[in-house]
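Report on the following structure.
Every number in this text was worked out from the coordinates using simple rules, so none of it is lab data. Keep in mind that what you see is a predicted model, and the values were worked out from it rather than measured. Every residue, glycine as well, gets a Cβ built from its backbone with ideal geometry; the counts of neighbours run over all protein chains shown.
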Amino acid sequence: MPDALIDINDSPFQRMPVEPVLLEGNATFPFQCRKGISCWNACCSNIDISLTPYDILRLKKRLGMSSGDFLNAYTLPYEMDKDSIAGVKFKPVEGGTACQFMTPEGCSVYEDRPTACRYYPIALLSMRKQDEYTDTAAYAMVKEAHCKGHDEPRPITIEDYRKEQGVDVYDELGRGWRQLVLKKKSSGPTVGTPSKRSLQLFFMACYDQDRFREFVSSDAFHDVYELTAEEKLTIANDDIELMQFAFRFLRQVMFNETTIPLRADAMEKRLARKQEREAKMEEIVKKLGPLDDIVKPAEPEDKYRCAD
Ligand code: SF4
Ligand code: SF4
């Protein structure tokens with residue numbers, strides 16, 4: 001296994017034919033993107049953009065949508081690694097390759113554009129030692145022929161470009177997710193192949209945030225996990241706290257890093273709830289008589305969505 005891992009899954013360069021050039025943060029490069037440039041919107045016309053949980057949080061809030069509606073309208077799931085860990089990408093316009101947010105005037109969600117769009121033409125590379133969470137940032141630059149920003153006479157360091165594009169907060173709030181993905185990719189057989197249920201949990205906790213909020217507010221969740229009243233209130237009302245809690249929850253589920261206390265009577269409560277559900281179902285069945293005539297087969301479940 002390699003000593004350090006590099007991940008560019010959260011960059012827009014995964015399928016680009018151009019080799020990225022590795023750079024340090026203090027490296028200077030000539031670049032400026034401005035309205036009126038001859039290639040205006042070229043980069044947004046043919047997209048392959050992965051989203052972080054924080055990207056989704058910002059965009060769904062801007063658009064006033066639930067996470068579920070946002071995911072359905074604007075994204076497609078994809079497999080980030082051989083074990084089907086799910087990522088989410090922008091879904092382009094119907095029948096085309098352009099971003100749904102592209103307009104002749106430019107990006108219609110500019111203030112809330114995702115991390116990859118902010119970084120372009122730089123990509124953030126996460127590198128870390130095997131089985132550690134601490135990652136080191138490195139950068140790559142990709143020069144695509146259509147992008148004339150590279151011909152503009154404005155030298156800028158990567159650090160200044162990051163500030164200009166407002167990526168600091170995105171990097172900070174995307175770190176927990178990047179670290180989870182990197183750890184999963186590097187853990188190999190020690191962690192094992194994730195179950196379908198844990199893949200669904202990963203998808204919901206990372207991307208379908210409103211659904212995850214419902215899940216952590218449910219009696220079933222509190223039968224198992226012990227949260228303080230303050231924690232419950234914070235994650236119910238603060239999107240960012242909920243997202244950070246999701247990363248913590250997933251580290252516990254995927255890597256057995258227990259930071260959320262389990263209730264001593266968790267198993268008994270779950271069993272009692274299951275028995276209660278089964279008793280109710282039996283009662284309904286008795287009232288309805290034979291079910292064959294009235295129960296239609298269920299729709300096939302979306303691969304990553306949790307059934308409850
Ligand atoms: S979100 Fe905005 S910047 Fe990003 S690809 Fe779409 S239009 Fe372009
Ligand atoms: S200069 Fe590059 S980033 Fe700016 S619009 Fe043109 S292709 Fe896109």
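When peptides 250-257, 92-99 are sorted by average Cβ neighbour count within 10 Å, with the highest value leading, the order is 250-257, 92-99. Taking label positions 7 Å along the Cα-Cβ direction at both Glu24 and Tyr110, the computed distance is 3.4 nm, reported to one decimal.
Couplings for the stretch 250-260, taken from phi via the Karplus curve 6.51 cos²θ - 1.76 cosθ + 1.60 with θ = phi - 60°, read 5, 4, 5, 5, 8, 10, 6, 8, 7, 10, 9 Hz in order; Gly and Pro are left as x.
Partners of Lys35 within straight-line reach, counting lysines whose Cα lies under 16 Å from its Cα and excluding those fewer than 8 residues away in the same chain: Lys148. Calculated FRET efficiency, Asp81 and Thr259, Cβ-Cβ r, R0 22 Å, to nearest 0.05? Given R0 = 22 Å and the Cβ-Cβ separation, E is 0.35. Under a 5 Å amide H cut-off, with hydrogens placed 1.01 Å from N, Tyr225 pairs with Arg263 among residues at least 5 apart or on other chains. In this simple spin-label approximation, Ser45 and Lys143 carry label points 7 Å from Cα along the Cα→Cβ vector, and these lie 2.1 nm apart. Shown for Phe202, Phe29: other C-beta atoms within 10 Å of each C-beta, ranked fewest to most, produce the order Phe29, Phe202. Greater than 29 Å separation of Cα atoms is the criterion. Which listed pairs, Lys91/Lys143; Lys185/Lys269; Lys89/Lys269; Lys61/Lys143; Lys232/Lys287; Lys61/Lys232, meet it? Lys185/Lys269; Lys89/Lys269; Lys61/Lys143; Lys232/Lys287, as the Cα separations exceed 29 Å there.
Built from the Cα atoms of the stretch 194-286, the convex hull projects on average onto 7.0 nm², one quarter of its surface area.
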